[in-house]
Each structure stands twice: as C-alpha cells, then as structure tokens.
1. Looking at L53, L73, L41, which one is touching a Cys at 6+ places or on another chain (Cβ under 8 Å), in contact (Cβ under 8 Å) with a residue 12 or more places away in the chain, part of a helix (DSSP H, G or I) and of a type outside the set (K, R)?
2. What about D204, is it surrounded by fewer than 19 Cβ atoms within 10 Å (Cβ to Cβ), closer than 24 Å to Q126 by Cα and not polar (S, T, N, Q)?
3. Within the stretch 271-284, can one find any residue that is under 30 Å from W443 (Cα atoms) and at pLDDT 85 or above?
4. Just checking: which of the helices (runs of 4 or more DSSP H) contained wholly in the stretch 99-144 hold 3 or more residues that are buried (at least 17 other Cβ atoms within 10 Å of the Cβ) and hydroxyl-bearing (S, T, Y)?
5. In the stretch 340-373, how many residues are touching a Leu at 6+ places or on another chain (Cβ under 6 Å) and either of a type in the set (D, E) or outside the structural domain of H427 (by TED's automatic domain parsing) (or both)?
6. Restricting to the stretch 325-374, name every residue that is more than 19 Å from Y435 (Cα to Cα) and either part of a loop (DSSP other than H, G, I, E, B) or of a type in the set (A, V, I, L, M, F, W, C) (or both).
7. Scan the stretch 299-329 residue by residue and report those that are out of contact with any helix residue (DSSP H, G or I) (no Cβ under 8 Å at 6 or more places or on another chain) and either small (G, A, S) or on the phi > 0 side of the Ramachandran plot (or both).
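The values are calculated or read from the model by the stated rules, or taken from the named source; none is laboratory data. Being a predicted model, the structure only gives us computed values, none of them experimental. Note that we place each Cβ from the backbone using ideal geometry, even for glycine, and neighbour counts take in every protein chain shown.
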Amino acid sequence: MPSPESPDAAWPERLAASRAQLDCRFPQVGEVFEACLLDALSVLSPAGVSAYLDCGRFLGRMGRGVEPLLAFLEEWPSTAGILGEDALPAINHTLQLIWKSPNGKAITPFLQTLAAVARRLPSREQMQHYLDLTLDLMERTSGSIHGIHKSFASPGLPDFLAQAPTLLNGLAIGGLRNWVDYGIRNYGNHPERQRAYFSLQSADSRAVFQRERHGTLLVDHEHLLDLCLRGLWGDSAQLVPYASSADPTGHSAQADASAPLLPYYDASGIRLPDVLDDALGVSGIDRYRASLAHIAGHRRWSTPLFADNFSPMQRMAIEIFEDSRIERLILRQYPGLHRIFLALHPTPVEGACNAATHSCLRHRLAMLSRALLDPAHGYQDAALREFVERFAQTMASGEASSEAVATLALAYVALTRRQSDQLANVHFADTVITYRDDNRHLWRFHELSDDEEMFEPRPTTAAAEVDRLPPRHYPEWDYQSQTYRPDWVSLYESLHPSGEAALIDRLFDKHAALARRLKRLLDLLRPQDRLRVRYQENGSELDLDIAIRSLIDFKSGATPDPRINMSHRTNGRNLAVLLLLDLSESLSDKVRVGNGEQTVLELSQEAVSLLAWAIEQLGDPLAIAGFHSDTRHDVRYLHLKGFSEGWGDPVKRRLAAMQAGYSTRMGAAMRHAAHYLAAQPAEKKLMLILTDGQPSDVDVQDERLLIEDARKSVGELEQQGIFTYCISLDRKADEYVHDIFGGRYAVIDNIERLPEKLPELFMALTR
C-alpha cells in the first residue's frame, strides 16, 4: 500500500483512476480524497475499494450536497474494519431507501455516527437489527397526505441517528427497540414532542432510557462493592463498568452475539457489567458480589500459564478446573457464598448433548464444574466422579496451584476425549457461567502483542497510591496507516499528592528580586478594567464588609451569609491558560546552578510557581496539570491547580510535592487537557507545554510514532480553538519539536534560567 513514507511510482495513476471512478467535483472532497483512499486501501480488498467508490459516487449524485459524501468517505473505512466490507450492501440498501423517502436530511447523521454505532454493534447481524430499526422508525413516523406514499419527513429520525451512539452505550439492541417503540407510540403524531423524545431532551425519554437499562446499576452500588473488595479481600482495584446486554434469566442458552458479556479484569481494573437483573432467586447486588469474589480470588491465587503450550480444548478445561479451585478457596473463607454460586451456576442435564451431532466438551466440563461445586450433583458418569475425587485429593493438601490443577485438567481431557469433540456444531445449552470472568488473565503468550499482555505487576510511585477516577480512553494516531487506533490509550486522572506549602514560600524568598522585576512588568500588562466580584464562597481574598456583617449575624443568632470572599475578573484580557507539565523520569537529572546542583524538576517547580503567581496577578484563569506514562494502558494526569482555585496553600502544597517518573506519552495528555480548557468561556485559550524531551514510552519502539501522534493532537486542538506553545528544555529539541508544534515553541538552553525565562515568555506571548 502506498504511503507518504514509501511512495509508489504507480500511485499517481491509481489515485487518478480512483478519482475518475468516484466522479465527484466537490472541491471539499478533493482536499481529503487521497487520505480517505489510503485509509480504505488499508482495510479493504480491491473489490471492496471499488464498491466504496461506487457508493461514494451515488452519494455525490443524489443531490444532498457534499456532507453525506464526506461523512461516508471518512467513516466507512473504520466501519468496514469492524463489520467487514461485506456489510456495505446492507448499508447501501438502507441509504437508498432513506434517499427515496422524504428523509434525505437524515443521511448525513446516519453516516456520521456509523462507525461509532459499529463499535457498539460489531457483528453484521447486530448491525442489521439497527438498520431494520432505523427503517422501521422512518416508515412509522414519516407522514403522507392521502396514505398512498410518504410526503413528510420523520421529525425524530435525524435526532435518533445523532443520538444512536449515546443510546447504544447504555442499551442493548433489544432495549433500544423498546425505547424507539415507546417514542413512536406516544409521539408519532406530535412532531415537536417527537423531536424532544428522540434527542433525549424530554423527561420521559430519559426515564424510558433508564427503565430499559433495568436491574441493579453498578454506579448505584459501586461504593458498597468497593468497600467489599477492600474489606474482604484487601484489594484496591478500580471497578470499571461496561455496557452490557443482560439476560434476565441469568443464563445464556447459546454463545452468540446476544449472550451477556462476562466480567474480566485487565490493566484498567475489574470490569463489571453496568447493570444486572435479579435472576434465579439471586438479587442483582448478590450477582455483583459473586462476580467480584470470583475475580478477587483469581487476583489473589491464580498464576498465569503460557497459552502456547496448550490446545484450545486443553485451555478450556484448565480454565474450568482453575475456576473450581478458586471457588473452593473462596468458600473456605466465606462459606455463605455457596448458596449464591449454586443458584447462579447452570445445571447441565446428563445426556443432553448428542455426541453423534455435537461437540460435547463444553457440556462435559460444565457438568464437572457443577459437580465440583455441588456435592449432591447426582451425575453418574464414571470419569466425572473419578475427577471429582482426584480434585478433592489435590485440594486436600492446601491451596494447590494453577499448575497442579492444569495437570489434572490435561488428564481429564486425555481420558474423556472423543472424535466428535472436533465438530464445529458445539453444544452450548447450560454451559455459560455468567458470574465467572472470562479468564483472559490466566494466559501469557510467548509472542507478546498489544492484545496479549503479561499481566505482571509494575512498580508504583506515590502518585499511584492516590485514588484515581475511572479511565478515559483516547485514540492514538498511527502515521504508518494514516488512521486512528480507537480507544488505544487509557488515561487516569487524579489530584496530585500534597507536600509543604512553606517550601514554595521559601522559593519566593529565594527569587525576591526576580519577583519584584516581574511585578513591574505585570503592572504594564494588567488590564485597567479589572472588576471585583463579591459574594463568593470561594475567592482570592476576604470581603471585609460582608465578613463583618456575617459575624454580626452569627453573634445575634441569625444564620450568617457564607459568601464572605471576593474575586476579580477582567474584561480586558479574555484569556484562559492551561500549563501542562512533563513529569517524566528525566526531570530527575541534575544540572549546574551557580556553585551547586539542582534537578530539572526543582527548577521547573520554581518556574511554575513564579508563573502561577504572575498569572494570578493578571487575573487570567489558570490550570496546572502534570503527566507521565507507563505504556498505553497507564497514562497518568495529575491535577496541580484547577481553573477555579486561587493561588493559595492547597496549590502550593501540590506544587511542593511534584515528583518525576516513567515516560512521556504527550498526545493523550494534551487531548485530555483540552477537555478542560475547551470548557472555559474565555475568547482565547492557550495551552503551554513544558517538557524536557521528545514523546516516548516503554511500549513504543518506533520513536516517530508518538511524535506524529503529538503533532496530530496539536492539529486537533487547533480545530477546537486552542493555541498550543511548547517550552522545551532539551538542547536537541529542534530535531523534533518543530515537527510537532510548527514554529510555536521556544528552547531554553540554559536550564538554570528557567525560573526567570518562563514567566517572561508567557508575558511576551500574551502581551
């Protein structure tokens, strides 16, 4: 495949032929066509590319402007990467039906959200349900004059399509259908109410949405479950919900796309379904407790094995035996869980699987699992009863081990193996144990990839001990394929630990002369139309008049007014600033300062403190955050100062405790910082990045990858109206920093002058 890095001599001719096949003269398409075609070539076959261009030609000629075509060209490659290119005929059929109806305006939101919907419905069968639902909504809400043909567009269809990713984040396809049916039945003849319903603006729309999520919501019980995990198991793993399709019976009859997803744990934490129904006499909260106990047991007692040493059937058996070992150990400590495990564990019927027509290994293992849990199982199979006894003997010696039960599992497979176990037609009834996790943690791989991790514990810093919010996931730009890797980076944010505010005060004593010089410069920049904002519960200084009045009220027995502070704002400098600090390990390096030595981190600490004080004098909203990373699974974003915080002891304490560690995954940190900066009402928004080296991380071998991702993130911020500027402390920064920030950077060669240069540079930028 051609790329900018490796040009193909035949590429211009191929590009021209593709343009001719598309046959489009919109100038906007010409600007992005080459990039879109490269994306398509990376995931589509030649026939798929041809179908892609044919569909684009249809969209360009249907008379709806350039937006539908642009949306399709940009979204279909990623959609096809999920669903497969064979899904295009169904998509194209839906497009044509919408086009032939009065609902042509709905085509653009349909295409714009297609990739996001595909990520929630990754099979063609599920996507077909969504397409059918879309057409059903269109048919039932489009109006006609004489009942012969549709002549009025559906009021709610465009809003539904725009909200589809949000809806599917919380609903299974069945719940989505119920939500849509309610809106059609009640508002089919009320256009304005219909729009409010399908845009999730009306109260009953949100209520029905919550109703269809039904069951016990994890978010409502997360604190209780977290206490359970910490108190009973001494485990502080993060609980992370995922959208599920909960089976109201608690069991799945078959392993298909409609089956509930199993819990699991990975680097981001323990992943549990966002909602669980009461089932089989067990409440939703007890189902959560069962899953949590099972996973906590694995985290305490399981040891990963090398998957390459075993066949898929052997791995299946090892997982069952290991699950049973873990539950045996759990029940020794908490025997009350036995009732819940028994109720939730399916009871396979002996002889239900026909070995002549089906693969019965799953069925035999599910029976064995039930027998290991239930002494009154009643099964008569000789091999099963033999291994129940052998398992009991193995566990009699203590905790046993993952390796010991793996040996037992291999012996069971060897003894019970049948030729029909190789059949593709597998017996699934009563074999899925929904409260158990999917055992991905149990396997290591000799050939490691991004999806097959070692799950080894990593050293932590003090910052890692701070409680963190659930992760946010960000894409990362792959310059080789010219596509985003969706949800590639997991970013955790937390409040930075605190130190001693007096340390920062001593820094100002050290730089008293510099502070006086900066104050003279600040007086020239300070706007003259600075306004006092009174009656603030939190502010930069005490409002004496209000404070005295509140004290009088308190002494007289009345309720005092707590709004005793005031702050200042200005209409002259409509600017918000976010200072993003690289806190990677290299900041621990020492440099000569005068007759002594200081670390780069200490100099950065001094410079940032002076800058924060200076910006406070100007009245500009300022936030400060630091970041570092330990692979794509653990990017840490540490809040040092929020926009709403003044320059006071809480901020000083965090600055005093600044620590350096790990690596520099800059792109993800910038995208997350933009999330906060973009929310500021200021007319101008400036992000300053202070770093001492190029973007890098331990799981990235190609040094250009993170440089190109950072460059891409700068472009994304520009589209949001955010101006970026980099202050680099790396003398070799010219080799890469221009690629990322263009001309918007400065290199400070004399690092010892950083406390002086940083505030001066900011004032020069904002003069």
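1. Working: L53 fails: touching a Cys at 6+ places or on another chain (Cβ under 8 Å); L41 fails: touching a Cys at 6+ places or on another chain (Cβ under 8 Å).
Within the list L53, L73, L41, the selection yields L73.
2. Details: surrounded by fewer than 19 Cβ atoms within 10 Å (Cβ to Cβ): yes; closer than 24 Å to Q126 by Cα: no; not polar (S, T, N, Q): yes.
The answer is no for D204.
3. Keep residues of the stretch 271-284 that are under 30 Å from W443 (Cα atoms), which gives 271-276, 284.
Filter once more, so that each one left must be at pLDDT 85 or above: 284.
Within the stretch 271-284, one or more residues are under 30 Å from W443 (Cα atoms) and at pLDDT 85 or above.
4. Details: elements: 107-112, 114-120, 124-141.
Answer list for the stretch 99-144: 124-141.
5. The total comes to 0.
6. V349, E350, G351, A352, C353, N354, A355, A356, T357, H358, C360, L361, listed by residue number.
7. Across the stretch 299-329, the qualifying residue is only S311.
For (1) more than 22 Å from R271 (Cα to Cα); (2) buried (at least 19 other Cβ atoms within 10 Å of the Cβ); (3) not assigned by TED's automatic domain parsing to the domain that holds Y288, each residue gets a yes or a no:
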residue: E403; (1), (2), (3): yes, no, no
residue: A411; (1), (2), (3): yes, no, no
residue: L415; (1), (2), (3): yes, no, no
residue: D430; (1), (2), (3): yes, yes, no
residue: I433; (1), (2), (3): no, yes, no
residue: N439; (1), (2), (3): no, no, no
